[in-house]
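Dropping the structure in here first, questions after.
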Amino acid sequence: MRFRDLWSDFDWTLFTAILILSAIGIVEIYSATKNSQLEQSAAFRQLMWICIGIVLLFIVAALDYHMISEQIPLLYLAGIGALLYTMAFGKVVAGSQSWIVIGPFRFQPSEVVKVLVIVAVARYLSELRNVRYLNVEQMIKAGVICGIPVALVAMQPDLGTTITFLPILGVGLLIRGIKPMTLVVMLICFVLALPAAWPFLGQHQKDRITNFVNPQQDLKGSGYQVNQSKIAIGSGGALGKGVFKGSQNQGEFLPTRHTDFILAVIGEEMGFIGVALTLGLLGFILFRIINTARTARDELGLFMVMGVFGVYCFHTVENVGMVIGFMALTGIPLPFVSYGGSSIIAVFMAMGMVISVRRRRYVN
């Protein structure tokens, strides 16, 4: 492949939207952490991770996604090994043993494994030929591919990351084809199984759920974070208080404001305009991903791209929902915007796969 071919076929529109969104994130991460002694270098580290992510995006985009698929068995096993290593020797953060410490940096392998699972599920489903509806055996096999890493992440335990794997399987099965009655039965079983999971949840997870059901029950305890988030967003008005001038943010009333609740900081300091710009860019990226899926030259590309869409659409909806109190707290970051090297690396690699599929849409 000639180097100039990569530049000419590259999706610069998608890449520009990603850069603008990432820039917004860096500015607000700096605003959220400039008064904190522990996280003063967070914005610089975020910039560093974004630069690494951009390099990885170009590398993945330059590769033929079929080659990535061919190597996925070994990559998948390596990912499982990384999760097992994390369970044995990882660092515990916020009650979850999901981090590997490398010098001054912490890395969460489950985020990158998520991208590997997208490719693994896509490869399996694309190899099912002349199938109108999946049978039970085929659904179980797809479930096992996704379920092994899900089980390992759940045992860390990291409920938030665990549920972000599920859209990969759900979107893949829906596109491949499920009998309507089978889908209804699966949904009923899922709903009925939810109460059975209650005894296995940690106390902080139970508190998040009960607080979601009754937001006013503990505003100074388990409901404090969401309540402060609502205050921050509501006080921003249409134009915001100005960058670096948010009282909830600068006064450090809002916990995890540079990670999971970065949208609340944007709402307070940039107002409705800032939130609309941020969500508009995210929406544009998601629709661009769908457009790439529509023009994919084969089913492998289709399933890979829609797997990416499923994961990061869920990330966006869940993060926005929990920030405004419409969904329970899960610790899921906002793509491209929230602070976190692992999530940045994963989402940039995923976007590289999307661009790889788009670049080859006209190849015979």
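Take the residues in the range 331-364 that are open to solvent by 20 Å² or more (accessible area, probe 1.4 Å) and in a helix (DSSP H, G or I); name whichever of them is modelled with the highest pLDDT.
This residue is Met349.
Taking the range 286-308, which residues are crowded, with 24+ Cβ neighbours inside 10 Å and not aliphatic (A, V, I, L, M)?
Thr292, Gly301, Phe303, Gly307, listed by residue number.
Please determine whether any residue of the range 114-124 is open to solvent by 80 Å² or more (accessible area, probe 1.4 Å) and either without any contact (Cβ under 8 Å) to a residue 60 or more places away in the chain or among the aromatic types (Phe, Trp, Tyr) (or both).
no
Sort out which residues of the range 280-338 are on the phi > 0 side of the Ramachandran plot and of a type outside the set (Phe, Trp, Tyr), and write them in order of number.
Selection gives Gly325, Gly331.
Which ones in the range 168-187 are touching a residue at least 60 places away in the same chain (Cβ under 8 Å) and either closer than 12 Å to Ile118 by Cα or surrounded by fewer than 16 Cβ atoms within 10 Å (Cβ to Cβ) (or both)?
Ile168, Gly170, Val171, Gly172
Kindly evaluate Glu137 against the criterion of being touching a helix residue (DSSP H, G or I) at 6+ places or on another chain (Cβ under 9 Å) and among the acidic types (Asp, Glu).
no
Here is a yes/no grid of residues against (1) under 27 Å from Ser342 (Cβ atoms); (2) touching a Lys or Arg at 6+ places or on another chain (Cβ under 9 Å):
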residue	(1), (2)
Asn227	no, yes
Lys241	no, no
Lys245	no, no
Glu252	yes, no
Arg257	yes, no
Glu269	yes, yes
Ala276	no, no
Gly301	yes, yes
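Give the number of residues within the range 315-330 that are open to solvent by 10 Å² or more (accessible area, probe 1.4 Å) and touching a Leu at 6+ places or on another chain (Cβ under 8 Å).
Qualifying residue count for the region: 3.
Could you please find all residues in the range 33-53 being under 21 Å from the mean Cα position of the chain (by Cα) and either hydrophobic (A, V, I, L, M, F, W, C) or loosely packed, with under 14 Cβ neighbours inside 10 Å (or both)?
Answer for the range 33-53, where residues must be under 21 Å from the mean Cα position of the chain (by Cα) and either hydrophobic (A, V, I, L, M, F, W, C) or loosely packed, with under 14 Cβ neighbours inside 10 Å (or both): Ala42, Ala43, Leu47, Met48, Trp49, Ile50, Cys51, Ile52.
Continuing with the same structure: Check off (1) touching a helix residue (DSSP H, G or I) at 6+ places or on another chain (Cβ under 7 Å); (2) more than 21 Å from Gly53 (Cβ to Cβ) for Ser110 and give me the number that stays unchecked.
(2)
Follow-up. Could you run through the range 271-298 and say how many residues are within 24 Å of Arg359 (Cα to Cα) and β-branched (Val, Ile, Thr)?
5
Listed residues Ala232, Ala293; which is touching a helix residue (DSSP H, G or I) at 6+ places or on another chain (Cβ under 9 Å), at pLDDT below 90 and of a type in the set (Gly, Ala, Ser)?
Checking each option against the conditions leaves just Ala232.
OK, next. Name every residue in the range 54-88 that is closer than 19 Å to Pro109 by Cβ, among the aromatic types (Phe, Trp, Tyr) and open to solvent by less than 40 Å² (accessible area, probe 1.4 Å), in order of residue number.
Tyr76, the sole residue that qualifies.
Something else about it: I need every pair where a residue in the range 308-329 that is within 10 Å of Val226 (Cβ to Cβ) has its Cβ under 8 Å from the Cβ of a residue that is in a loop (DSSP other than H, G, I, E, B) and not polar (S, T, N, Q), sequence separation at least 6 or different chains.
From the range 308-329, the pairs are Met322/Asp260; Met322/Ala328; Met322/Leu329; Met322/Ile332; Val323/Asp260; Val323/Phe261; Gly325/Pro215; Leu329/Asp260.
Do you know which residues across the range 254-282 are assigned to a helix (DSSP H, G or I) and either open to solvent by less than 20 Å² (accessible area, probe 1.4 Å) or touching a strand residue (DSSP E or B) at 6+ places or on another chain (Cβ under 7 Å) (or both)?
Ile262, Leu263, Ala264, Val265, Ile266, Gly267, Glu268, Glu269, Gly271, Gly274, Thr278, Leu282
The values are calculated or read from the model by the stated rules, or taken from the named source; none is laboratory data. Because the structure is predicted, anything quoted here is derived from the model rather than measured. Please note: Cβ atoms are built from the backbone with ideal geometry, for glycine as well, and neighbour counts cover all protein chains shown. Heads up: the accessible areas ignore ligands, DNA and RNA and are worked out on the full protein's heavy atoms, side chains in. Shrake-Rupley method; radii C 1.70, N 1.55, O 1.52, S 1.80 Å.
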